[in-house]
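See below for the structure under consideration.
Derivation of every value follows stated rules applied to the coordinates shown; laboratory data play no part. Computed from a prediction, not measured in an experiment: that's the story for all the values here. Here Cβ is always computed from backbone atoms with ideal geometry, including for glycine, and neighbour counts include all displayed protein chains.
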Amino acid sequence: MDKCAACGGSLELGFIPDVGTAQSWLAIWVAGTPSTDKSFWERLRTGGGVSLEDVEAKVIDAKRCTSCGRLELFATRAPEPGTTLVR
């Protein structure tokens, strides 16, 4: 079992949801820097968000220490279809 880096307590697996309008997705980590090069209409449609076209994405798994509450985040697995907004 994994141990907390801060206190040595046990870690339990969880996740951080990315909550949107009427849906929840798994939060992701994206390689590189965010691209905001969008037209006015695209920014209006997406609420001014960043582009996720052709990105390398990994699902964020979160582990929480049952003793001190510390969160440790890991991004090691590719998203499965339907779990994130990345296609």
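List of remarks:
- The packing ranking of peptides 12-23, 68-79, 53-64, highest mean first, is 53-64, 68-79, 12-23, where packing means the average number of other beta carbon atoms within 10 angstrom of each residue.
- Extension gain for residue 66-residue 23 works out to 12.6 nm (0.36 nm per residue, less the C-alpha to C-alpha distance).
- A cut-off of 5 Å between modelled amide H atoms, ignoring neighbours fewer than 5 places along the same chain, links residue 18 with 25, 26, 27.
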